[in-house]
1. Taking the criterion of being more than 19 Å from the chain's Cα centre (by Cα) and modelled with pLDDT under 90, would at least one residue in the stretch 40-57 satisfy it?
2. Of the residues Ala39, Ala47, which single one is crowded, with 16+ Cβ neighbours inside 10 Å and closer than 26 Å to Phe91 by Cβ?
3. Within the group Ala73, Ala39, which residue is outside any helix (DSSP H, G or I) and of a type outside the set (Val, Ile, Thr)?
4. Any residue in the stretch 25-40 that is touching a residue at least 40 places away in the same chain (Cβ under 8 Å) sitting within a Cβ distance under 8 Å of a residue that is among the polar types (S, T, N, Q) and surrounded by fewer than 12 Cβ atoms within 10 Å (Cβ to Cβ)? List the pairs, counting only those 6 or more apart or interchain.
Amino acid sequence: MTAIGITLLISINYKWNEKGLFLKAGIICALMKTLSPSAVIFGPMIAIISEALFIELSTQIIGRNMAGYIMGAVLAISWNLIQRILTLIIFYGSSIIEVYTDLANMMVFFF
């Protein structure tokens, strides 16, 4: 879903050149998430705003060109993995890193 949203945002920004458009769209989408009938709201809201912020910062720093759009898209899509890792560390502590390291070592041993 992130890739579809990023593609739409970049397409709209390509035609409609306004500063802060990514961040405004991210805030509006995050606020719309509060209307969903789900119990899980804050994680996706943080992800939406963070992804919009990454795209906005990369286009402000690099420019509104292909390199800026690609760097913003890479950062935004990679945020999902980073947020998942940070959430696991917050919930389970730093020992979760050892569990996953041991699991990866076991997988290498079996294959």
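The values are calculated or read from the model by the stated rules, or taken from the named source; none is laboratory data. Owing to the predicted nature of the structure, the values given are computational and were not obtained by experimental measurement. Cβ atoms come from the backbone with ideal geometry, glycine included; neighbour counts cover every protein chain shown.
1. No, because not a single residue in the stretch 40-57 is more than 19 Å from the chain's Cα centre (by Cα) and modelled with pLDDT under 90.
2. Working: Ala39 fails: crowded, with 16+ Cβ neighbours inside 10 Å.
Checking each option against the conditions leaves just Ala47.
3. The conditions single out Ala39.
4. Sorted first by the residue in the stretch 25-40, then by its partner, the list stays empty.
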